[in-house]
Structure formats: structure tokens, C-alpha cells
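Scroll down for the structure; my scribbles are underneath it.
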Amino acid sequence: MGMTDAAPTRTRRSDATRAAILRAARERFAADGYDRATIRAIAADARIDPSMVMRYYGSKEGLFAAAAEFDLRLPELADAPPERLGELLVRHFVDRWETDGTMAALLRTAATNHAAAERMRGIFADQLTTAVARVVPEPAQAPRRAGLVASQMLGLALTRYVLRLPPVVDADPAELVAWVAPTVQRYLCGAPDA
């Protein structure tokens, strides 16, 4: 076998190892939080030696940063009727929180870890502000309006998925959308004094 045959095999193996580490890290961070998750436990979950985790990611913080890469997959708000923007956005976030534990893990960790808080800020600042800027009356207000939307979405997520506040946990997703959407609609399209 020549060198050209070995390189693609090594690359595929390396990619598979990285994917296994990231999968295990996301699950472990979601279950244990940043502080209690260990490199050894993540390596055991991935069925590899802990030195491999360090080889690929350098540190626990480096691994967390890679595992916390997150695309909000926001809907194209510009295609929606303006009067339904709040409902569309809240439904999207509730659906994402209900089906993906990664964001709950990141939120839980962000409460006590600077790197995770920075990652969460980056995700919402970059992705949400960009989406909001396309639909708000004055694009210069997009950061403020996106920040207010994020306050509602993160507050809802914190009370439902992290703190597990019974009245919020007991509500079905459609009920949550009905309650929160008007506030988000105001943040997106309303005037500050409305």
C-alpha cells in the first residue's frame, strides 16, 4: 500500500475519532455540566484514551468550545408575515429546546463558566442579531431588539430546562408560544413605549 492510500484512511479515522469525542462531550456536558464533566469520562464515553482528547482539543475549554458550536438554524424571518414574527421565532426556539439538549447544557454551564457565557453571547449576538436586523423597522435597533428577544428565550429556557420551575415545565409548548410570542412580537416590531 502506498502513502497515498494510507493518508485518506488515517484522515477518515481521525475524523471519526473527532466526531466520537464531540458526540461524547456534548452528551457529558449536557448531563453533568462543564464543571463536573471530566476528560476521562468523555474519553471513556468515546471509547478512546484521554490523551487523544487532549491531542485533538488541547484542553477541556478547547473541547467545550468545539462541542458548543451551535447553529440556531433560525427561520428566514423576512419571508414571514410581519404580524407573525414573534410567534414564528418563539415556536422555533421552543422546538429547538425541546429536541436538543445541547443548548440547555450550554445555558447551564454559562451560568458559572466564563468561556461558556462568552460562547452563548456569541451565538445569540451573531446569529439572532443578523436575523432580527432583516425585519426590524430600524436596523440600527437590531442589537437592542435581539438582546430583548434573547432575554425572553434564555429566561424561558432557564426556567423550563435548567431550573425546571413546575408551572413552566407543566405548560405544553403551544401554550408557551401563546404566552411569550406577543412579548417577542413587541420586541421585534413595537415601539419602546407601546
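The values are calculated or read from the model by the stated rules, or taken from the named source; none is laboratory data. Bear in mind that the values here come from a model prediction, so they are computed numbers and not experimental data. Neighbour counts run over all protein chains shown; Cβ positions are idealised from the backbone, glycine included. With ligands, DNA and RNA removed, areas are computed over all heavy atoms of the protein, side chains included. Shrake-Rupley method; radii C 1.70, N 1.55, O 1.52, S 1.80 Å.
Worth pointing out:
- Selection count where residues are open to solvent by 50 Å² or more (accessible area, probe 1.4 Å) and either in contact with a His (Cβ under 9 Å, 6 or more places away or on another chain) or free of Cβ contacts under 8 Å to residues at least 40 places away in the same chain (or both), scope the range 32-51: 8
- Where a residue in the range 1-25 is over 30 Å from MET103 (Cβ atoms) and its partner, wherever it lies, is in a helix (DSSP H, G or I) and at pLDDT 65 or above, with Cβ under 9 Å and at least six apart: MET1/THR9
- Flag if ALA19 is open to solvent by 40 Å² or more (accessible area, probe 1.4 Å) and at pLDDT below 95: yes
- Within the set VAL149, VAL136, the sole residue that is surrounded by 15 or more Cβ atoms within 10 Å (Cβ to Cβ), aliphatic (A, V, I, L, M), modelled with pLDDT under 95 and within 18 Å of LEU77 (Cβ to Cβ) turns out to be VAL136.
- Residue pairs whose Cβ atoms lie under 6 Å apart, sitting 6 or more positions apart in sequence or on different chains, and linking a residue in the range 56-84 that is basic (Lys, Arg) to a partner that is surrounded by fewer than 16 Cβ atoms within 10 Å (Cβ to Cβ) and part of a helix (DSSP H, G or I), do not occur here.
- GLU98, sole failed condition from (1) in contact with a Pro (Cβ under 8 Å, 6 or more places away or on another chain); (2) without any contact (Cβ under 8 Å) to a residue 40 or more places away in the chain; (3) among the charged types (D, E, K, R): (2)
- Any hit, the range 108-115, residues being farther than 26 Å from ALA174 by Cα and touching a Gly at 6+ places or on another chain (Cβ under 6 Å): yes
- Among (1) out of contact with any Leu (no Cβ under 9 Å at 6 or more places or on another chain); (2) under 30 Å from PRO173 (Cα atoms); (3) at pLDDT below 90; (4) of a type in the set (Asp, Glu) - the single one GLU69 does not satisfy: (1)
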